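Note sheet for the following structure.
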Amino acid sequence: MADHFSKFTRSITSPPFGGYTIVPNDGADLPTVTRALNIGVAGTVHATLLDGSDVTLNIGAGSLFPMRATRIWATGTTAGNIVGLY
């Protein structure tokens, strides 16, 4: 498949180029720091951000939420069908 943009430099403002399903976990970091989350089922997301801060956010279903997350915690997360984009 041709990628007409393969010679362009990726930046934080570029569209995501990969993604993975996130299963919230209190004991493990994500395999890759995210650039955004896609939320399938509305609820709260308890996350550790790249700077080490912990936040709990209310995110609606269908949202593409920009977030540099290193962990999505099971405790405090009620949102479902979470996809991490990078």
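At-a-glance table
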{"quantity": "Cβ pairs under 9 Å, 6+ apart, first in region 47-65 and touching a residue at least 24 places away in the same chain (Cβ under 8 Å) and surrounded by 11 or more Cβ atoms within 10 Å (Cβ to Cβ), second of a type in the set (Asp, Glu) and part of a strand (DSSP E or B)", "calculated": "47/54; 48/54"}
{"quantity": "Boolean, residue 6 is assigned to a loop (DSSP other than H, G, I, E, B), modelled with pLDDT under 95 and surrounded by 10 or more Cβ atoms within 10 Å (Cβ to Cβ)", "calculated": "no"}
{"quantity": "Restricting region 1-23 to residues that are touching a Lys or Arg at 6+ places or on another chain (Cβ under 9 Å) and touching a residue at least 24 places away in the same chain (Cβ under 8 Å), the residue that is nearest to residue 85 (Cα to Cα)", "calculated": "16"}
{"quantity": "When residues of region 18-41 are limited to those that are of a type in the set (Gly, Ala, Ser) and surrounded by 15 or more Cβ atoms within 10 Å (Cβ to Cβ), the one farthest from residue 79 (Cα to Cα)", "calculated": "19"}
{"quantity": "Top-ranked residue of region 72-86 - restricted to ones that are more than 9 Å from the chain's Cα centre (by Cα) and assigned to a strand (DSSP E or B), ranked as surrounded by the most Cβ atoms within 10 Å (Cβ to Cβ)", "calculated": "73"}
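The values are calculated or read from the model by the stated rules, or taken from the named source; none is laboratory data. What you are looking at is a predicted structure, and each value in this text was computed from that prediction instead of being measured. Here the Cβ is made from the backbone with ideal geometry for all residues, glycine too, and neighbour counts use every protein chain on show.
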